[in-house]
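Trainee: I'd like to ask some things about the structure below.
The values are calculated or read from the model by the stated rules, or taken from the named source; none is laboratory data. No experiment lies behind these values; they were computed from the predicted model shown. Methodologically, a virtual Cβ is constructed for each residue, glycine included, from the backbone with ideal geometry; neighbour enumeration extends over all protein chains shown. The area values use the complete protein model at the heavy-atom level, side chains included, leaving out ligands, DNA and RNA. Shrake-Rupley method; radii C 1.70, N 1.55, O 1.52, S 1.80 Å.
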Amino acid sequence: MSIPTAPIFGFEKVAWADKALRVRSVFASVAGKYDVMNDLMSLGVHRLWKRFALSSPASNPANRPWTWQAAPGDCRWACCGQVGKTGRVVLSDINANMLQVGRDRLLDLGLTGNIECLVADAEKLPFHDHSFDCVTIAFGLRNVTDKDAALRSMYRVLKPGGQLLVLEFSTPVAPGLKPLYDAYSFNVLPWLGQVIANDAASYRYLAESIRMHPNQETLLGMLQAAGFAQVRYHNLSGGIVALHRGYKI
Ligand SMILES: C[S@@+](CC[C@H](N)C(=O)[O-])C[C@H]1O[C@@H](n2cnc3c(N)ncnc32)[C@H](O)[C@@H]1O
């Protein structure tokens, strides 16, 4: 097993115990404005990224597809639609505030029948081996302290033949995109965070954490190291976001 390197919070190296605490405080702070900020920052495009991700699992309702890690965000109702009436969805997040916001939105939509909400750490998922047909993590892996441990944990809970989908910010590959994207991320995002959520620091963390996240090929190798087979990725919006997919065989 590889020894994980020191964790980072944005651009800053931090102690192991501090990373999770600081991530928790970011999301406790942004939870109330999370959805509206996502819409503003991406001009609604985050909904298309999530729709694309969830249009891809070859889920058969008869197979009881499950998922995990959605919190607020739009994956939750897409998952509910995909599993049908007999399937089950588990929404999970380490942060109770984020989970609560997601749960409230589901209640508003009347979507609660086949859904469980659970506070859990992605590094130590509290499920039996071989429990899920599909595991998704959307914009979450970047925030996890030990990403390799989280990938191994997701592998463990998948059934043989099950699939992992990782939707995450990545490295722009479209020509000319990077300088524009950098200018937007480091200037506009903290400003929007300050104006809308009274919290520039959390949105500075967002920009920094994206830059420090493994690029497409590195993440592909991490999935393979965790045991996933047939790993591939698809760039979205010129590589600003990538969808990685792998199977447990
Ligand atoms: C950017 S939000 C993404 C929320 C949602 N999935 C979406 O797509 O909008 C990142 C989430 O990852 C959660 N998170 C961070 N570390 C985690 C961990 N170790 N285990 C589970 N969730 C974690 C945070 O609490 C936060 O809610």
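Trainee: Restricting to segment 152-178, what's the tally of residues that are more than 9 Å from the ligand (Cβ to nearest atom), in contact with a strand residue (DSSP E or B) (Cβ under 8 Å, 6 or more places away or on another chain) and open to solvent by less than 30 Å² (accessible area, probe 1.4 Å)?
Mentor: Qualifying residue count, segment 152-178: 10.
Trainee: Quick check on segment 234-241. Is at least one of its residues of a type outside the set (S, T, N, Q), surrounded by 15 or more Cβ atoms within 10 Å (Cβ to Cβ), at pLDDT 95 or above and within 14 Å of the ligand (Cβ to nearest atom)?
Mentor: Yes, segment 234-241 contains a residue that is of a type outside the set (S, T, N, Q), surrounded by 15 or more Cβ atoms within 10 Å (Cβ to Cβ), at pLDDT 95 or above and within 14 Å of the ligand (Cβ to nearest atom).
Trainee: Sort out which residues of segment 122-140 are touching a residue at least 40 places away in the same chain (Cβ under 8 Å) and near the ligand (Cβ under 9 Å from one of its atoms), and write them in order of number.
Mentor: Ala122, Leu125, Thr136, Ile137, Ala138, Phe139, Gly140, listed by residue number.
Trainee: Write out, first by first residue and then by second, each pair whose Cβ atoms fall under 7 Å of each other, whose residues are 6+ apart or on separate chains, and whose first residue, in segment 31-51, is under 19 Å from Asn95 (Cα atoms) while the second is within 11 Å of the ligand (Cβ to nearest atom) and open to solvent by 50 Å² or more (accessible area, probe 1.4 Å).
Mentor: Ala31/Asn97
Trainee: Considering every residue within segment 214-229, establish whether at least one is at pLDDT below 95 and among the aromatic types (Phe, Trp, Tyr). Can you show your working first?
Mentor: Pass one, segment 214-229, residues at pLDDT below 95: none.
No, segment 214-229 contains no residue that is at pLDDT below 95 and among the aromatic types (Phe, Trp, Tyr).
Trainee: Filter segment 1-17 down to residues that are surrounded by 14 or more Cβ atoms within 10 Å (Cβ to Cβ) and not hydrophobic (A, V, I, L, M, F, W, C) and give me whichever is nearest to the chain's Cα centre (by Cα). Write out each step before concluding.
Mentor: The first filter runs over segment 1-17 and keeps only residues surrounded by 14 or more Cβ atoms within 10 Å (Cβ to Cβ), leaving 7-10, 14.
Then keep just the ones that are not hydrophobic (A, V, I, L, M, F, W, C); that gives 7, 10.
On the way: Pro7: 18, Gly10: 16 Å.
Residue satisfying both the conditions and the ranking: Gly10.
Trainee: Does Tyr205 count as in a helix (DSSP H, G or I) and aromatic (Phe, Trp, Tyr)? Step through it out loud before you land on a result.
Mentor: Values: in a helix (DSSP H, G or I): yes; aromatic (Phe, Trp, Tyr): yes.
Criteria met by Tyr205.
Trainee: Failed condition for Leu141, given (1) under 19 Å from Gln230 (Cα atoms); (2) under 18 Å from the mean Cα position of the chain (by Cα), with all others met?
Mentor: Going through (1) under 19 Å from Gln230 (Cα atoms); (2) under 18 Å from the mean Cα position of the chain (by Cα) one by one, Leu141 breaks only (1).
Trainee: Count, please, the residues in segment 168-201 that happen to be part of a loop (DSSP other than H, G, I, E, B) and among the aromatic types (Phe, Trp, Tyr).
Mentor: Here is the first cut: in segment 168-201, the residues part of a loop (DSSP other than H, G, I, E, B) are 170-176, 198-199.
So of that shortlist, the ones also among the aromatic types (Phe, Trp, Tyr) come out as none.
Number satisfying all stated conditions: 0.
Trainee: I'd like to check something: does segment 52-64 contain any residue that is aliphatic (A, V, I, L, M) and modelled with pLDDT of 85 or more?
Mentor: Within segment 52-64, one or more residues are aliphatic (A, V, I, L, M) and modelled with pLDDT of 85 or more.
Trainee: Kindly evaluate Val89 against the criterion of being more than 22 Å from Val23 (Cβ to Cβ), open to solvent by less than 10 Å² (accessible area, probe 1.4 Å) and touching a Ser or Thr at 6+ places or on another chain (Cβ under 8 Å). Steps first, please.
Mentor: Working: more than 22 Å from Val23 (Cβ to Cβ): yes; open to solvent by less than 10 Å² (accessible area, probe 1.4 Å): yes; touching a Ser or Thr at 6+ places or on another chain (Cβ under 8 Å): yes.
Judged against the criteria, Val89 is a match.
Trainee: Kindly indicate whether any position in segment 189-202 is within 18 Å of the chain's Cα centre (by Cα) and closer than 23 Å to Ala31 by Cβ.
Mentor: Yes; the residues of segment 189-202 include at least one that is within 18 Å of the chain's Cα centre (by Cα) and closer than 23 Å to Ala31 by Cβ.
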